[in-house]
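Bear in mind these aren't lab numbers, they're just calculated from the coordinates by the rules spelled out. As the structure is a computational prediction, the values presented were derived from the model and not from experiment. Glycine also receives a Cβ, built like all others from the backbone with ideal geometry; neighbour counts cover every protein chain displayed.
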Amino acid sequence: MLGVLFDGIAYGSLLFLVSLGLSVTMGLMNFVNLAHGAFAMAGGFVCVIAMTRFGVPFLAALPLAFVITAVIGAILERLLYRRLYTADHLDQVLFSIGLTFMSIAAATYFFGSSQQPVRLPDFLRGQVRFLGADFGIYRLFLIGAVAALTTILGLLVARTRFGAQVRASVDDAQAARGLGINVDRVFSIAFALGSGLAGLGGALGIEVLGLDSGFPLKFMVYFLLVVVVGGAGTIVGPLVAALVLGVLDVAGKYYVPQVGAFVIYAAMVVLLIAFPMGIRGRRR
Amino acid sequence: MTSWRRETIFELAFWLVPVAAFFLLPGYRVLGSQILIVALFALSLDLVLGYAGILTLGHAAFFGLGAYTAGLLAVHGWGEPLTGLVAGAAVAAIMGFAVSFLVVRGENLARLMVTLGVGLLLFEAANRAAFITGGVDGLSGVTMWKLFGVFPFDLSGRTAYVYSFVVLLLVFLFLRRLARSPFGLSLRGIRENRTRMPAIGVPVQRRLVAAFTLGAAIAGIAGALLAQTTQFVGLDTLGFGRSADTMIMLVLGGTGRLYGALVGTAVFMIAQDYLSGINPVYWQFWLGLLLVVFVFVARGGIMGAVERLRR
């Protein structure tokens with residue numbers, strides 16, 4: 001019971017880390033981005049390549065995954081995403097499905113479609129016993145890392161000038177523009193940051209979520225769900241949604257394996273019926 | 001020549017193409033009947049997405065429901081084709097009606113998620129209920145009776161082709177009539193401006209429920225056709241990939257035009273048959289690239305381009 005809860009929280013915090021960028025895209029620019037999982041996959045592959053081909057240690061590969069994915073995100077935002085902010089949702093869906101297909105095909109071409117292995121450093125492997133239950137050290141590390149990141153991000157949004165600009169832009173982009181906030185620039189930075197976080201999540205998640213070329217489609221629903229249920233443009237909403245979702249999914253797979261992913265999809269439909277505007281309510 | 005007569009000639013010429021293909025390309029009748037069936041499915045999506053403007057990512061749910069309904073009927077001893085179609089349509093319509101209430105009240109994002117969720121839910125249900133559906137292996141052992149008690153479904157795909165063609169044509173004529181009716185016009189009005197339509201007395205919710213249910217029923221017919229003509233139902237009939245592909249076909253041809261769905265499907269499936277034979281990974285890459293480029297330069301699709309040329 002405690003073990004399932006623990007695994008669920010570790011899983012949920014990963015979902016949260018990856019989905020946060022999507023929450024910015026949807027909340028700030030009202031952009032339906034189905035390709036968000038591709039950034040997570042990119043981060044995962046950066047980590048794998050850095051470790052296997054260049055012998056970079058795991059802990060050093062993580063920031064690398066963050067930086068490279070953030071750069072990719074910034075470039076794509078500049079070149080492509082930006083042009084579609086005012087397009088209708090069908091265009092955005094088609095565009096991001098196209099991007100997803102391309103990323104999957106490219107990943108299959110370069111890396112094949114099998115699961116990518118990752119060799120964790122020794123100090124992150126194994127388990128500790130506590131209160132009669134086993135806890136994986138890596139999952140403890142994961143929860144700790146996400147908790148630290150969330151605190152930093154929370155401070156960033158709540159205390160810094162940039163954070164205030166993000167909040168103002170989410171609340172009312174038009175008024176924010178009127179006050180002299182460069183909303184486009186705020187969004188570019190937020191998009192790059194969100195992509196980087198997704199990449200970091202993808203790299204951290206190789207051990208938990210797995211990594212193969214089908215990743216963007218396999219987890220697309222989870223990321224979307226976190227944002228839609230949690231409400232876009234906040235930190236607490238997606239965090240709660242991701243943790244609930246993670247625990248539900250792990251518990252479902254553990255207690256009723258014959259039903260499998262059914263639990264999560266059923267939960268999704270029920271949650272959407274119960275909270276059509278998200279748990280905390282969406283502003284748009 | 002008046003414009004409506006020109007229109008009629010264009011339409012007649014268009015429908016002669018599949019008839020000619022039947023006689024001139026007998027080796028392609030199996031692929032041909034598949035195209036006709038998927039075109040029917042794309043038509044149903046055009047009603048929902050193109051006319052009513054409901055963004056859906058799970059339309060294959062109804063296609064698959066129709067397919068499994070017809071397939072299961074045949075497996076369990078009722079192989080009569082036409083009643084199979086009706087059953088497929090009915091089951092899909094009931095599901096569509098139930099789902100429509102969740103779909104119509106939300107905005108785009110919520111609609112997208114609900115349709116996606118229902119699609120995945122059904123996929124997972126069919127996957128897990130292997131004792132009924134055959135699960136990953138698919139449902140085999142579908143034996144059809146002769147059509148009208150006369151025409152057997154053979155391997156060359158003759159009956160399948162003609163059968164699919166006639167069903168497609170009938171549904172198309174129905175939809176063409178519907179699109180020009182006050183009902184069809186009100187759907188377009190809702191798509192263009194949802195807040196204004198209630199002001200001129202259109203019951204928006206009810207229209208959308210009707211359109212979604214009808215779209216589901218037609219998708220069910222298409223699914224049932226596929227099950228009957230291929231005598232097999234695979235899990236992919238319910239999959240996200242099918243929903244996405246069909247959406248691509250529709251957009252490629254042009255939404256809200258009916259003919260767009262037909263043209264887009266034919267172009268897509270012929271290209272797929274040719275290119276994915278070379279390498280499926282390349283196919284997916286080029287498809288993705290096509291979509292991205294398409295969004296930027298070619299909205300309106302093939303039929304949109306044709307219309308611009310004719311002006």
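General observations
- Compared with the rule-of-thumb size 2.2 N^0.38 Å for a compact globular protein, the protein assembly as shown has a Cα radius of gyration ratio of 1.01.
- Only Cα sites of region B:178-252 enter the Debye sum here, all with the same form factor; the resulting log10 I(q)/I(0) across q = 0.16, 0.23 1/Å is -0.75, -1.06, listed in q order.
- The alpha carbon centroids of region B:90-163 and region B:211-272 are separated by 11 Å.
- When the P(r) is computed for region B:1-151, the part past 23 Å accounts for 53% of the Cα-Cα pairs.
- The H on the amide N of residue A:127, modeled in the peptide plane, is under 5 Å from the matching H of A:137, each at least 5 residues off or on a different chain.
- Projected area, mean over directions - region B:3-310, Cα convex hull, nm²: 16.6
- Here the Karplus relation 6.51 cos²θ - 1.76 cosθ + 1.60, evaluated at θ = phi - 60°, turns the backbone of region A:163-171 into coupling constants of x, 5, 5, 4, 4, 5, 5, 5, 4 Hz, with x for every Gly and Pro.
- Three-way shape call for region B:209-311 based on the alpha-carbon gyration tensor, with the a/c threshold at 1.5: oblate
- Helix A:183-204 axis, angle to chain A major axis (alpha carbon atoms, nearest 10°): 10
- Mean projected area in nm² (Cα convex hull; one quarter of hull surface) for region A:41-94: 4.4
- The share of Cα pairs per 10 Å bin across chain A, counted from zero up to the longest distance, runs 7, 29, 37, 22, 6, 0 percent.
- Region B:269-311: C-alpha gyration tensor shape, a/c 1.5 cut-off, then a/b vs b/c: oblate
- Cα-projected label distance for residue A:125 with residue B:210, points at 7 Å along beta-carbon direction, nm: 6.6
- Potential extension, residue A:82-residue A:134 segment - 0.36 nm per residue separation minus Cα distance: 14.0 nm
- Helical segments meeting 27 Å axial Cα length and Kyte-Doolittle 1.6 threshold in chain B (DSSP H): B:81-105
- Between the Cα long axis of helix A:220-230 and the first principal axis of chain A there is an angle of about 60°, rounded to the nearest 10.
- Each label was represented as a point 7 Å from its Cα along the Cα-to-Cβ direction; for residue B:286 and residue B:200 these points are 4.4 nm apart.
- In the protein assembly as shown, helices alone account for a calculated mean residue ellipticity at 222 nm of -24000 deg cm²/dmol, with every DSSP H run of four or more residues adding -39,500 (n - 2.57).
- Prolate/oblate/rounded call for region B:15-77, Cα gyration tensor, a/c under 1.5 rounded: oblate
- Principal-axis tilt of helix A:262-274 within chain A, Cα atoms, nearest 10 degrees: 30
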